[in-house]
Amino acid sequence: MATDFFDRQDAARRNTTRLVVLFVLAVLAIMVSIHVLLAGALGYLTYEERAADGPDWSLLTDPGIALLAFAGTLIVVGGGSLFKVAQLRGGGRVVAEQLGGRLLNPDTADPSERQLMNVVEEMAIAAGTTAPPVYLLEQEEGINAFAAGFTPDGAVIGVTRGAAQRLSRDELQGVIAHEFSHILNGDMRLNIRLIGLLHGILIIGMLGYFVLRMTAFSGGRARRSRDQGNAALPMLAIGAGLMVVGFFGTFFGNLIKAAVSRQREFLADAAAVQFTRQPDGIAGALKKIGGIATGSTIQSPNAPEASHMFFGRATSGFSALFSTHPPLGDRIRRIDPSWDGTFPEAAPGAPPVSASHAAATGFAPGAGTGRVASAAQALDHVGRPTEAHIDYAARLLDSLPDRIRAAAHEPYGARALVYTLLLDRDAEMRRKQLQHLERAADPGVFEETLRLVPIVAQLQTLARLPVAEIALPALRQLTANQYRLFKQNVAVLVEADENIDLFEWALQRILLHDLEAHHGGVAPPRVRHHALAPLQPQCELLLSVLAHAGHRDAQAAGKAFEAARQTLGLPQARMLDTGEADLRALDAALTDLEQAAPQIKRRVLEAAVACIAADQQMTATEAELLRAISASLGVPMPPLLGV
Amino acid sequence: MSALVTLLILVAVVVVLGAIVVGIYNKLVTYRNRYKNAFAQIEVQLKRRHDLIPNLVETVKGYMSHERGTLEAVVAARNQAVGGLQQAAQDPGNAEAIRKLGAAEGALSSTLGRLFALSENYPDLKASQNMLQLGEELRSTENKVAFARQAFNDSVTQYNIYRQTFPAVVFAGMFGHGQDAALLEFEGEPIQQVPKVSF
């Protein structure tokens, strides 16, 4: 298991390429079959006229027919796939909504929904991602869950009502960890591509059915006419042939889909145990699935299409070969070898115990500030948070005042909270900022901001960014108009004091990176850079800003930059002066770096951590910057824990 | 041969059209889900508002025993609003239910307004800690309701516009999206200026 997050991201891409190759082969096979079908059917049409013995296969070499068959197949399959993928590109919420999901309100009063939201928030902070929107499949009594979305940023998590109500907190945590592992491993991109490709092939079969129906219909009317009756037979053959081709195409497509999916499920189970260090949680959830009559079945008519995205088997009635999930017993035994093979009788609807997960030890800023582990070690945790990270996240969340959590959980208060976080320490600046808010923001939000000021002032420095991050799901619910105003206000607040402070920059960067993608429908980034050398100016800027930010005197900064340069492996990299390294340019640099291949991102982040760790000390500013940088690169980096 | 080409073209056209129609259907469903989600936001805030009112009545009762009529009107309006909310929550797309909810909430706001206006005559009540806090909470809830309502109306407008424009308008009726969803408007005065507690 030497593979890490970046390798797995690469592998996910490679697997996608492999799938595309397989798919192209399948389409070629389909083209050839359709060509033979057409040539045969047309040859039969001319058969009687020529009164020869046996059908005429000479049309097989006719370029017109070949073109017709190949182009037709390409249009139909390609169009069908592209259409489906384009539709799903809208992100995970499209999938969730088609499955009948209801977006959970972050400030829900229902205890089981509350618990679910808490578990998701905790896992998100531990994994270093923003909290994904959570959808509840209300109609579903079975125990199941899914993750969907094209990128980690566009991901959503869906949970059935059965799972939210019947699972204990630990079990729920196991299931959510399993889903997060799918998100972190890049499985979802693969999943959505699979749906698209299969859809294209499916259309061939549907087309055959359509031709068959049409011919049968018009054939019935034209029975009296000899000539037309003659033509009907080849048409019937074409229809039936298309159906057979479509059927086999879908058959093998499903086989591939199931095989890929089963492998990924085992991996996600193992990852869930690794995240939580609690095999009982996920094993308990699997056992409960076995213990109830509804199991993990999903009733929604759209379930078969998305069956490989779920935690447990969503559809029943397939043979083992077609099953998208390994047998329940196998999965449990891999996690809990001592299992006796009996399923518990799950009591329906046991209300969650509202006990907090973390012992009431209070939140000490043990993470972040202080000594830093080595860069390599820190990067090892990317996409693979540990129990320690989850503990850290739970304590952090616990330490937040109720007022702040409540405000973060609804769009109204969340805006005020972000405004409050952006207020300057300098009294004069602050007065200016508040004046702007009073003018531009909604009067109620302005008052709410004033109310939050004293509470936010008492926050631990390191809790400030996480507070903004748990407010994200609520902020995503702003409508386009509301978001526009919010964005304007944030920009004005950030720029009020002419020079942008690093925390303000980091906060704005994290918020906008997520919200722009959500509201603007920005397409997921493509990999454009495969080599580090052309990105040298961007790396210079990034590491210079980081070096200056963490070290007051130029000498220490120079030393930090030197350490970063060595890790990065670009000997010509030159450190920029404070004047040259401005944050606006950094925005552009990060946009470029986001389009780098995973391995390049890894090198850059390693260099960044080396820069921070050079003096064995990490300041809060450095931690916040690192968080903003990794979020901008789309890399889920768990909080750095002090040693 | 040419008949076959025609057929294939026809089939290709049908496939493309089919894809477009499926897309329209999905988009309609997505937009409907979006405004339903937006309604869930309003529901949370309105429920909070409704929950505050019994406390308010309890607090006020001791001071304003002579204003029994007003208090009863507030309680009645609140119960009406609770019922309206339940019905609207079952189907936020039902224009009639939304209109009724708007009327009930409007009535609640105006009776509350009357109550707060009367409370001006009772300096002890005005100064009581409980009353200050309740006034404050009602007002902040009111702001949140207004905000959530704006989001709901935005989403409803987006749905309605999509539903009414070509090409969706051709299929909307067929797919059960024949009716516009209604905007939520509270009749009567906005409560904003009313529970302002002056010091």
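Brief remarks on what is shown
- Lone qualifier among A:474, A:468 - being in contact with an Asp or Glu (Cβ under 8 Å, 6 or more places away or on another chain), of a type in the set (Gly, Ala, Ser) and not in a loop (DSSP other than H, G, I, E, B): A:474
- Restricting attention to the stretch A:463-487 and to residues that are more than 10 Å from chain B (Cβ to nearest Cβ) and small (Gly, Ala, Ser), the residue that is nearest to residue A:133 (Cα to Cα) turns out to be A:471.
- The listed residue being surrounded by 18 or more Cβ atoms within 10 Å (Cβ to Cβ) and not aliphatic (A, V, I, L, M), out of A:565, A:584: A:565
- If the condition is being in contact (Cβ under 8 Å) with a residue 12 or more places away in the chain and farther than 17 Å from residue B:153 by Cβ, then the stretch B:85-95 contributes only B:87.
- From A:27, A:95, A:32, A:21, residue being among the aliphatic types (A, V, I, L, M), touching a strand residue (DSSP E or B) at 6+ places or on another chain (Cβ under 8 Å) and at pLDDT 75 or above: A:95
- Any hit, the stretch A:454-462, residues being over 27 Å from residue B:35 (Cα atoms), within 27 Å of the chain's Cα centre (by Cα) and more than 14 Å from chain B (Cβ to nearest Cβ): yes
- Filtering B:78, B:68, B:99, B:34 for residues that are away from chain A (no Cβ under 12 Å) and in contact (Cβ under 8 Å) with a residue 60 or more places away in the chain leaves a single hit, B:99.
- Total residues in the stretch A:66-94 satisfying the condition of being more than 7 Å from chain B (Cβ to nearest Cβ) and surrounded by fewer than 21 Cβ atoms within 10 Å (Cβ to Cβ): the figure is 11.
- Filtered by the rule that a residue be more than 10 Å from every other protein chain (Cβ to nearest Cβ) and surrounded by 16 or more Cβ atoms within 10 Å (Cβ to Cβ), the stretch B:8-24 gives B:21, B:24.
- Against the test of being within 13 Å of another protein chain (Cβ to nearest Cβ) and of a type in the set (Ser, Thr, Tyr), the options B:111, B:141, B:165 yield a single qualifying residue, B:141.
- Only residues that are under 16 Å from residue A:474 (Cβ atoms), of a type in the set (Lys, Arg) and away from every other protein chain (no Cβ under 14 Å) were counted across the stretch A:382-427, and they come to 1.
- Residue count, the stretch A:271-319 (criterion: touching a helix residue (DSSP H, G or I) at 6+ places or on another chain (Cβ under 6 Å), closer than 25 Å to residue B:26 by Cα and at pLDDT 80 or above): 1
- Residue check for residue A:548: under 26 Å from residue A:592 (Cβ atoms), assigned to a helix (DSSP H, G or I), modelled with pLDDT under 85 and not aliphatic (A, V, I, L, M): no
- Here is the figure for the stretch A:401-425: residues that are in a loop (DSSP other than H, G, I, E, B) and among the hydrophobic types (A, V, I, L, M, F, W, C) total 1.
- Taking the stretch A:424-445 as the range and being in contact with a helix residue (DSSP H, G or I) (Cβ under 8 Å, 6 or more places away or on another chain) and at pLDDT 85 or above as the test, the residues that pass are A:433, A:434, A:436, A:437, A:438.
Condition check ((1) at pLDDT 85 or above; (2) out of contact with any Lys or Arg (no Cβ under 8 Å at 6 or more places or on another chain)) across all residues:
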| site | (1), (2) |
| --- | --- |
| A:158 | yes, yes |
| A:177 | yes, yes |
| A:184 | no, no |
| A:208 | no, yes |
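- Pairs with Cβ under 9 Å, 6+ apart, first in the stretch B:174-199 and more than 18 Å from residue B:104 (Cβ to Cβ), second modelled with pLDDT of 85 or more and of a type in the set (Asp, Glu): B:192/B:142; B:195/B:142
- Checked against the criteria, residue A:97 does not count as within 12 Å of chain B (Cβ to nearest Cβ), over 19 Å from the mean Cα position of the chain (by Cα), under 20 Å from residue A:298 (Cα atoms) and in a helix (DSSP H, G or I).
- Given (1) away from chain A (no Cβ under 14 Å); (2) in contact with a Leu (Cβ under 9 Å, 6 or more places away or on another chain); (3) closer than 19 Å to residue B:46 by Cα, index of the condition residue B:172 fails: (3)
- In the stretch B:164-190, of all residues being out of contact with any Phe, Trp or Tyr (no Cβ under 8 Å at 6 or more places or on another chain) and assigned to a helix (DSSP H, G or I), the one that is surrounded by the most Cβ atoms within 10 Å (Cβ to Cβ) corresponds to B:172.
- Residues that are farther than 30 Å from residue B:51 by Cβ and either more than 14 Å from chain A (Cβ to nearest Cβ) or free of Cβ contacts under 8 Å to residues at least 60 places away in the same chain (or both), drawn from the stretch B:144-162: B:160, B:161
The values are calculated or read from the model by the stated rules, or taken from the named source; none is laboratory data. None of these values were measured; they are calculated from a predicted model. With ideal geometry, Cβ positions are generated from the backbone for all residues, glycine too; neighbour counts draw on all protein chains shown.
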